[in-house]
Amino acid sequence: EVKLQKKLNAKAIVLINPVVDLRRDEPGPYTTVANWYLGDKDPTDSLVSHMTAKELSFLPPTIIMTCEKDLLKPQGVKLSERLATHGVATQTIDIPQKDHLGGFWAAGHSNADIAIDKTVKFILAESK
């Protein structure tokens, strides 16, 4: 955590359907993906599972996009709550009636228009 605090030089953070906790508590598709990603790395390391970090107040303003039907939504909501507890200016945008937004976002699909518009406004506001 200390290394990250010293190196971070960002004005804002944008997180889209974030995965912030790779601790593998129960079996299922999420655990399978976490295992592929982590290999033999420690899932409690705060650089991997940000929800385990003791200190978050050094982070810049953050916008978190979640989708109503996405399996990852609870992680985004929990992170938003933790950031607020640590005094970090945070916005959470929940896209109604949508599942995981990643592919739509990357393709510039109209399903992601709300998220893209709000993110652009956030970035412009934070870069002043």
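The values are calculated or read from the model by the stated rules, or taken from the named source; none is laboratory data. None of these values were measured; they are calculated from a predicted model. Because the Cβ atoms are built from the backbone with ideal geometry, glycine has one as well, and the counts that use them run over all protein chains shown. Heads up: the accessible areas ignore ligands, DNA and RNA and are worked out on the full protein's heavy atoms, side chains in. Shrake-Rupley method; radii C 1.70, N 1.55, O 1.52, S 1.80 Å.
So which residues in segment 101-118 are at pLDDT below 75 and surrounded by fewer than 12 Cβ atoms within 10 Å (Cβ to Cβ), if there are any at all?
Gly103, Ala106, Ala107, Gly108, Ser110
Which residues, taken from segment 35-50, are assigned to a loop (DSSP other than H, G, I, E, B), over 19 Å from Leu79 (Cβ atoms) and either in contact (Cβ under 8 Å) with a residue 40 or more places away in the chain or open to solvent by 70 Å² or more (accessible area, probe 1.4 Å) (or both)?
Asp40, Lys41, Asp42
Could you check segment 119-128 and list, in sequence order, the residues that are assigned to a helix (DSSP H, G or I) and surrounded by fewer than 16 Cβ atoms within 10 Å (Cβ to Cβ)?
Val120, Lys121, Ile123, Leu124, Ala125
Within segment 7-34, how many residues are open to solvent by less than 50 Å² (accessible area, probe 1.4 Å) and not β-branched (Val, Ile, Thr)?
Result for segment 7-34: 9.
Given the condition at pLDDT 85 or above and either over 25 Å from Asp117 (Cα atoms) or outside any loop (DSSP other than H, G, I, E, B) (or both), answer yes or no: does some residue in segment 19-31 qualify?
Checking segment 19-31: at least one residue is at pLDDT 85 or above and either over 25 Å from Asp117 (Cα atoms) or outside any loop (DSSP other than H, G, I, E, B) (or both).
Hey, can you tell me all the residues within segment 51-66 that are open to solvent by less than 20 Å² (accessible area, probe 1.4 Å), not hydroxyl-bearing (Ser, Thr, Tyr) and not in a loop (DSSP other than H, G, I, E, B)?
Ile63, Ile64, Met65
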